[in-house]
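Beneath this line is the structure, given in structure tokens, with notes to follow.
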Amino acid sequence: MIMASTLSGAFAPPTAVELAEIARLVRESAGIVIGEGKASMVQSRLSKRLRALGLADYRSYLEHLQSPEGAEESGRMLSALTTNVTNFFRENHHFQQLRRDVLPPLIARARAGGRVRIWSAGCSSGQEPYSIAMLLCDLAEDAPTLDIRILATDIDPEMTAIGRAARYATALAESIPPAYAQQFLDATDDGVVLRPSVRGLVGFRELNLHATWPMRGTFDVIFCRNVAIYFDKQTQDALWSRFEAALAPDGWLFMGHSERLPADRPTRLVTAGITSYRLPAAGPDAEKRPWR
């Protein structure tokens with residue numbers, strides 16, 4: 001047994017067999033791929049969990065995960081191994097397209113009594129859905145009174161908790177345009193907080209994209225950016241198909257800068273911009289109602 005160092009608190013990296021077993025569990029539960037060369041990454045991210053549990057090595061950790069007491073730890077392991085990189089108005093060309101092409105007709109529909117549903121999938125700590133909400137409030141001061149909702153989901157409950165709190169360090173808010181910062185942020189002792197008009201548009205939920213989705217109906221806009229890059233091709237293809245089925249007619253799908261729909265995949269989605277796609281209105285799903 002490889003013991004943790006009593007002097008430094010450091011753990012030896014997982015062996016090749018242990019790494020493969022951890023990778024298998026993560027892939028089966030969340031679709032995330034951990035490559036053979038990621039032992040150091042796994043070591044750095046899971047060592048805190050081993051210390052918290054008082055375990056000496058990764059073999060003991062794997063045994064704990066597979067025990068009746070290990071069910072909650074599986075979620076904590078996924079949280080530790082999930083990469084959370086985000087920023088306000090990241091890949092700004094998508095927000096420019098939202099402002100120009102996507103949101104104006106949706107706001108008009110909402111003002112006419114319709115409903116609008118937007119999904120930020122893999123939202124991390126909430127900067128993406130709040131960026132969308134700020135755009136909405138800037139375009140329509142009455143947005144909080146309309147039937148417009150943004151669903152923000154992430155597999156990591158620590159990230160969704162940050163999103164619900166809507167409090168961020170000042171440095172994290174530097175990418176917010178100054179006019180928006182003045183309009184939608186309040187200063188706190190240790191950073192900033194989003195104002196209620198923006199916060200009220202966004203609802204956070206924990207969701208594993210690899211598992212069953214509990215939402216009913218369809219979405220007018222889906223953002224899932226820089227998430228599928230951590231999945232294998234089979235999982236990616238299944239995810240794109242599920243997103244396509246979850247889009248309302250004329251709905252929009254936004255991907256990350258390094259993600260594309262594969263050319264060999266049958267799809268009704270058509271290219272609508274840089275890593276953005278749209279579902280034509282015609283088709284058997286034209287009568288679906290948006291998510292509520």
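Figures for the structure shown
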{"item": "For the chain, share of DSSP beta bridges that run antiparallel, in % to the nearest 5", "result": "40 percent"}
{"item": "Net lengthening on full extension, ALA169/ASP250 (0.36 nm per residue, minus Cα-Cα)", "result": "25.5 nm"}
{"item": "Over segment 16-81 - Rg/Rh using Cα atoms and the Kirkwood inverse-distance radius", "result": "0.91"}
{"item": "Dipole of segment 92-278, positive direction: furthest Cα of GLN96, VAL221, ILE176, with charges on the beta-carbon", "result": "VAL221"}
{"item": "Modelled FRET efficiency - R0 51 Å, SER74 with ASP101, Cβ distances, 0.05 increments", "result": "0.80"}
{"item": "Inter-site label distance for ALA263 and THR145 at 7 Å from Cα along Cβ, in nm", "result": "5.1 nm"}
{"item": "Cα pair distances of segment 92-278 binned at 10 Å [whole percent]", "result": "9, 37, 37, 15, 2, 0"}
{"item": "Only Lys, Arg (+1) and Asp, Glu (-1) charged, at Cβ; segment 92-278 dipole about Cα centre in debye", "result": "620 debye"}
{"item": "Inter-probe distance in nm under a simple model that places probes 7 Å from Cα toward Cβ, at ARG111 and ASN84", "result": "3.8 nm"}
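Computed from the coordinates by the stated procedures, all read-outs in this text should not be read as laboratory data. Keep in mind it's a predicted model, so treat the numbers as computed, not measured. Every residue, glycine among them, receives a Cβ derived from its backbone with ideal geometry; neighbour counts consider all protein chains shown.
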